[in-house]
Amino acid sequence: MAKGVMIVAEQRDGALRKISLELAATARKLADQSGDEVSAILLGSGIEGLAAQLGKYGVDKVFVGDSPAMEPYITEAHAAIVAKVVKDNDPAILLMGASVQGKDLSSRVAAKLATGLATDCTDVKIADGKLLAIRPMYAGKCFGEIVTNSNPAMASLRPNVFPAVENAKAGAVVKVDAAVDAASIKSKVLEVQKDTSGKVDLTEANVIVSGGRGMKGPEGFSILEELAGVLKGTVGASRAAVDAGWKLQKDQVGQTGKVVSPNLYIACGISGAIQHLAGMSSSKCIVAINKDAEAPIFTRADYGVVDDLFKVVPELTAVCKKMLA
Amino acid sequence: MNIIACVKQVPDTEAQIKVKADGSGIEEGQIKWVMNPYDEYGVEEALRLKEKNGGDVTIVSLGPARAMETIRTALAMGADKAVHICDPAFDNADAFVVGNALAAVIKTLPHDIILCGQRAIDDDAGQVGAMLAEALNLPQLTLVTKLDFAGSSVKVIRPIEGAQLLIETSLPCVVTAQKGLNEPRYASLPGIMKAKKKPVDVKNAAALGIATEAKAKVAKTIPPPARAAGKIICGEDPVQKAAELGRLLREEAKAI
Ligand SMILES: Cc1cc2nc3c(=O)[nH]c(=O)nc-3n(C[C@@H](O)[C@H](O)[C@H](O)COP(=O)(O)OP(=O)(O)OC[C@H]3O[C@@H](n4cnc5c(N)ncnc54)[C@H](O)[C@@H]3O)c2cc1C
Ligand SMILES: Cc1cc2nc3c(=O)[nH]c(=O)nc-3n(C[C@H](O)[C@H](O)[C@H](O)COP(=O)(O)OP(=O)(O)OC[C@H]3O[C@@H](n4cnc5c(N)ncnc54)[C@H](O)[C@@H]3O)c2cc1C
């Protein structure tokens, strides 16, 4: 009978990504309700050493597929190995990250296993001995409670939402064969163009300072960069700012941009259109700085300042600098 | 070149979504229906591929009778023909069922490249492209912002967190589109007139011969959690307000 909670850990360049720790801690919490085991699948090349870190966050057993064929990530290769390890070990629940890679992989694995998958969940629990996955639908205008009747019940978890709590377990390594038939792999990564700005991606940032049409132009964003610099955050943008060419597509937050959930989201000169709210509503603390008291962003903000952002933001930067000094 | 574009009809992004009192779904009465915005990028890319390389574009859509309007929109943009999978048996379909249904149709059509949106903005599952690719045993390239066709393969740009990947894949393959790929065109008036005469093949579940039982079920639909009313920081002086905001963020919200 299917038993236990399994996660698929994600690593890049030999380091575990934060979502992997969030997955491990969440799996631990679910498994502890029934006294079950937490296992992890870890794929890559030269990555066996990372298993111990997963152990620290509550993983009992780590299936390590260490092979040059696993680096860089290719959907077909990873999906084949993950599906095989899952079939061999028959977990009741399979969790992955709703990161770019996790979304790509989880859908393909769900198809291979002919099972149900709840994408981008913001909460997971056990109800009647089964996984109940809670996820925003219609851009967060409502939520769905998803139940899967096939095994394993799959869910992908929204990054930055679930706490990564330490809870040391064995993290014992079980090696798995990660060789793939090269002829079956049709895709090839020709080039990795790294963002050299050193900025944390919006989906993983703890603090986001976003600007909209109210920034008046690309130069306006420099005051947001300064605030973000002090708060160790990343600068985001509304679609209006991206479409005007002031920021890049990768900086866009919202329904046709990125979905983010930082600890702190500061919206400057953003009106709060429904499509923008879709991308940032799950942030833990929302601040709005807008000169129009009627702007819809204020309906979602925990803290609001009605004033000219060009006066407020530099002051806020100075205040924060002092506090953090 | 034989190009397939999968389109889904979804509520307009401005639509008010009201959960039914019994939690069994949403009230559909007042909703204005449109083509999923990501599918507009897919259709546009399909048309550009055809314009450059010749061939034809087939639209495939699964949905109730009202989805025909969205299919006509895609035809008015310039697609050549369409298949409409329409059957109440799909009312509770999940991404697995939808992916298999689309695959069952696409299998019967010549196909070099299949374009989907990266996700449908109603259910936001983002699964159908991959489900379809698996069902057809084809490679998938998800979340693509640039696509170059080079004879028997495609090269795409796929942004990931903190980087962009340049990936090459042989044809046929499934590509899912996201914003940045192109600027979708509007249907022209002559386009709309022509679309009325373009062939749409309507198929029911029996014609596809696939299981329609969903793997994942929306057991309940619930309204979003209520957010406590926020604090508006009052005063005349922006300097004072900024200082108060900083203090609250540090002491009350513990966010700094
Ligand atoms: C009343 C109601 C009940 C539902 N019940 C369930 C349920 O019980 N279980 C469940 O899992 N889901 C259920 N759903 C959601 C289900 O029908 C989704 O359509 C399905 O899971 C696909 O996910 P998605 O639409 O988010 O597509 P995504 O995977 O987000 O779509 C990605 C892309 O795939 C293509 N695509 C998706 N759907 C279609 C389509 N129909 N035709 C053509 N192309 C398409 C498009 O190119 C789209 O951009 C329900 C929805 C409603 C409204
Ligand atoms: C299908 C679809 C998808 C979309 N997807 C997205 C998406 O992913 N993300 C997104 O953001 N939008 C999206 N949009 C666009 C969305 O509808 C809005 O048009 C957009 O979010 C508006 O951006 P904005 O708030 O920056 O601009 P505006 O709505 O113009 O707001 C500017 C705000 O700045 C304020 N302001 C101006 N000057 C100052 C000043 N000196 N000090 C303080 N405040 C000032 C104004 O009061 C105003 O509230 C989408 C739209 C559609 C139709």
Index of the failed condition, B:Asn92 passing every other in (1) more than 10 Å from chain A (Cβ to nearest Cβ); (2) not in a loop (DSSP other than H, G, I, E, B): (2)
Condition met for A:Ala77 (within 14 Å of another protein chain (Cβ to nearest Cβ) and surrounded by fewer than 24 Cβ atoms within 10 Å (Cβ to Cβ)): no
Segment A:291-317, residues that are out of contact with any helix residue (DSSP H, G or I) (no Cβ under 8 Å at 6 or more places or on another chain) and free of Cβ contacts under 8 Å to residues at least 12 places away in the same chain: A:Glu294
Strands (runs of 3 or more DSSP E) fully within segment B:165-256 counting 2 or more residues that are assigned by TED's automatic domain parsing to the domain that holds B:Ile106 and buried (at least 18 other Cβ atoms within 10 Å of the Cβ): B:173-177
Contacts under 7 angstrom Cβ, first residue in segment B:11-25 being more than 18 Å from B:Thr70 (Cβ to Cβ), partner within 11 Å of ligand 1 (Cβ to nearest atom) and part of a loop (DSSP other than H, G, I, E, B), 6 or more apart: B:Lys18/B:Glu27; B:Lys20/B:Glu27
Complete set of residues in segment B:192-229 that are modelled with pLDDT under 95, farther than 25 Å from B:Ala21 by Cα and away from ligand 1 (no atom under 16 Å from the Cβ): B:Gly209
Unique residue being within 16 Å of ligand 2 (Cβ to nearest atom) and under 21 Å from B:Arg119 (Cα atoms) when the list is A:Asp120, A:Asp104: A:Asp120
Boolean, A:Lys247 is assigned to a loop (DSSP other than H, G, I, E, B) and either more than 11 Å from chain B (Cβ to nearest Cβ) or within 16 Å of ligand 1 (Cβ to nearest atom) (or both): yes
Some residue of segment B:109-127 being in a strand (DSSP E or B), free of Cβ contacts under 8 Å to residues at least 24 places away in the same chain and either at positive phi or more than 16 Å from ligand 2 (Cβ to nearest atom) (or both): no
Hits in segment B:128-151 - residues which are within 16 Å of ligand 2 (Cβ to nearest atom) and in a loop (DSSP other than H, G, I, E, B): B:Thr145
Qualifying residue in segment B:48-60 (condition: acidic (Asp, Glu), more than 30 Å from B:Pro224 (Cβ to Cβ) and free of Cβ contacts under 8 Å to residues at least 12 places away in the same chain): yes
Number of positions in segment A:310-321 that are within 23 Å of A:Ser261 (Cα to Cα) and either touching a Lys or Arg at 6+ places or on another chain (Cβ under 8 Å) or within 7 Å of chain B (Cβ to nearest Cβ) (or both): 2
Selection count, segment B:197-232, where residues are under 24 Å from the mean Cα position of the chain (by Cα) and without any contact (Cβ under 8 Å) to a residue 60 or more places away in the chain: 2
Options A:Val147, A:Val59, A:Val124; residue that is touching a residue at least 12 places away in the same chain (Cβ under 8 Å) and away from chain B (no Cβ under 14 Å): A:Val59
Test: residue in segment A:203-225 that is within 9 Å of ligand 2 (Cβ to nearest atom), within 14 Å of chain B (Cβ to nearest Cβ) and in a helix (DSSP H, G or I): no
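The values are calculated or read from the model by the stated rules, or taken from the named source; none is laboratory data. Computed from a prediction, not measured in an experiment: that's the story for all the values here. Note: ideal-geometry Cβ built from the backbone for every residue, glycine included; neighbour counts use all protein chains shown.
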